Amino acid sequence: MVILFCAAAGILILPASADVTHWELSPACPRVGDEITISGEASNNEIIEVTILHEEMVPVSGKGYKYQINKLFIPKTISGGENSFKVNATGEDGVKVRDINVRVKKFRWFTRHSNALEGEASLSQSKIPSWMSYFVKIDGDVVSKKEESDKNTCKSNSNTGQAKNGQVKLTFETCYEAAQADEKGNFKFNYDTDSLPAGDYIITVGSMEQELTLNPEKEKLTLNPEKEKGSKQKIGKII
């Protein structure tokens with residue numbers, strides 16, 4: 001069994017994008033938990049490659065940043081299809097990322113580490129089993145750009161290397177072979193949003209991209225029958 005992030009680092013190179021001429025998404029305004037349907041037209045019998053891009057802004061605390069995914073699902077591919085998952089960290093608001101750690105728990109913890117290169121740190125993994133979910137922690141260290149450029153080392157500062165403020169932008173990219181067009185070039189597949197956070201996404205099917213806003217899940221109302229009955233009685237007396 002292949003476990004997420006236990007193999008060596010490497011960016012998956014997928015086959016060239018299918019010649020997609022048109023695609024649409026429904027429902028048009030989905031909420032977290034909705035199942036999205038993507039359908040469209042491409043070249044006959046072409047493999048449909050999909051990329052989903054999402055960003056999260058994580059506030060810096062102390063000298064680092066932390067982000068947690070309670071239930072990460074990787075979409076199912078077509079039979080024999082490829083997939084990849086990548087996370088990239090860059091500093092915002094006066095901080096610079098030093099490194100990134102991705103810790104995945106499935107039966108036991110697996111940790112991957114990567115140092116930043118020119119202020120960007122990233123990790124990626126391919127061939128991820130899609131039949132199970134993953135508990136993921138992402139963290140790393142940062143340094144403020146001001147402190148990094150300060151050449152005066154004579155003054156002692158207990159907060160050296162720590163950024164009191166600022167944010168880290170985490171960019172998540174999931175890429176997978178989702179479907180195969182039929183003999184007429186038509187394709188259709190579903191995507192479950194249950195494990196996704198609300199926010200803005202960029203979905204690319206073939207070489208055509210669209211922006212999607214995933215709205216928060218509707219609040220579930222749990223009415224107490226007794227209280228509701230009492231409320232109706234009071235209203236009746238007022239009337």
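If the Cβ limit is 6 Å and pairs must be 6+ apart or interchain, which residue in the range 208-226 that is closer than 30 Å to D19 by Cβ and polar (S, T, N, Q) pairs with which residue that is surrounded by 10 or more Cβ atoms within 10 Å (Cβ to Cβ) and modelled with pLDDT of 80 or more?
Q210/I203; T213/D200
Of the residues T222, T160, T204, only one is among the hydroxyl-bearing types (S, T, Y), touching a helix residue (DSSP H, G or I) at 6+ places or on another chain (Cβ under 9 Å) and either surrounded by 13 or more Cβ atoms within 10 Å (Cβ to Cβ) or at pLDDT below 95 (or both); which?
On the way: T222 fails: touching a helix residue (DSSP H, G or I) at 6+ places or on another chain (Cβ under 9 Å); T204 fails: touching a helix residue (DSSP H, G or I) at 6+ places or on another chain (Cβ under 9 Å).
Going through T222, T160, T204 in turn, the sole match is T160.
Which of the residues belonging to the range 105-116 are modelled with pLDDT under 95 and among the hydrophobic types (A, V, I, L, M, F, W, C)?
If the condition is that a residue be modelled with pLDDT under 95 and among the hydrophobic types (A, V, I, L, M, F, W, C), then F107, W109, F110 are the ones that fit.
So E217 clears everything in (1) open to solvent by 60 Å² or more (accessible area, probe 1.4 Å); (2) more than 23 Å from S79 (Cβ to Cβ); (3) out of contact with any Lys or Arg (no Cβ under 6 Å at 6 or more places or on another chain); (4) modelled with pLDDT of 70 or more except one condition, right? Which one?
(3)
Quick check, is G40 in contact with a His (Cβ under 6 Å, 6 or more places away or on another chain), closer than 20 Å to D192 by Cα and buried (at least 17 other Cβ atoms within 10 Å of the Cβ)?
When the stated conditions are applied, G40 passes them.
Hey, which of the strands (runs of 3 or more DSSP E) in the range 34-148, taking only ones fully inside, have at least 2 residues that are farther than 30 Å from F189 by Cα and more than 18 Å from the chain's Cα centre (by Cα)?
Here the list reads 95-97, 108-115, 134-144.
Test I128 against the stated conditions and say whether it is closer than 23 Å to C175 by Cβ, crowded, with 17+ Cβ neighbours inside 10 Å and at pLDDT below 95.
yes
Would you mind finding the one in A18, A28 that is surrounded by fewer than 16 Cβ atoms within 10 Å (Cβ to Cβ), modelled with pLDDT under 95 and of a type outside the set (K, R)? Outline the logic, then answer.
Working: A18 fails: surrounded by fewer than 16 Cβ atoms within 10 Å (Cβ to Cβ).
From the options A18, A28, the qualifying one is A28.
The values are calculated or read from the model by the stated rules, or taken from the named source; none is laboratory data. A quick note: this is a predicted structure, and the numbers were derived from the prediction, not measured. So basically every Cβ, Gly included, is an ideal-geometry build from the backbone, and we count neighbours across all protein chains shown. Just the protein is used for accessible areas: all its heavy atoms, side chains included, with ligands, DNA and RNA removed. Shrake-Rupley method; radii C 1.70, N 1.55, O 1.52, S 1.80 Å.
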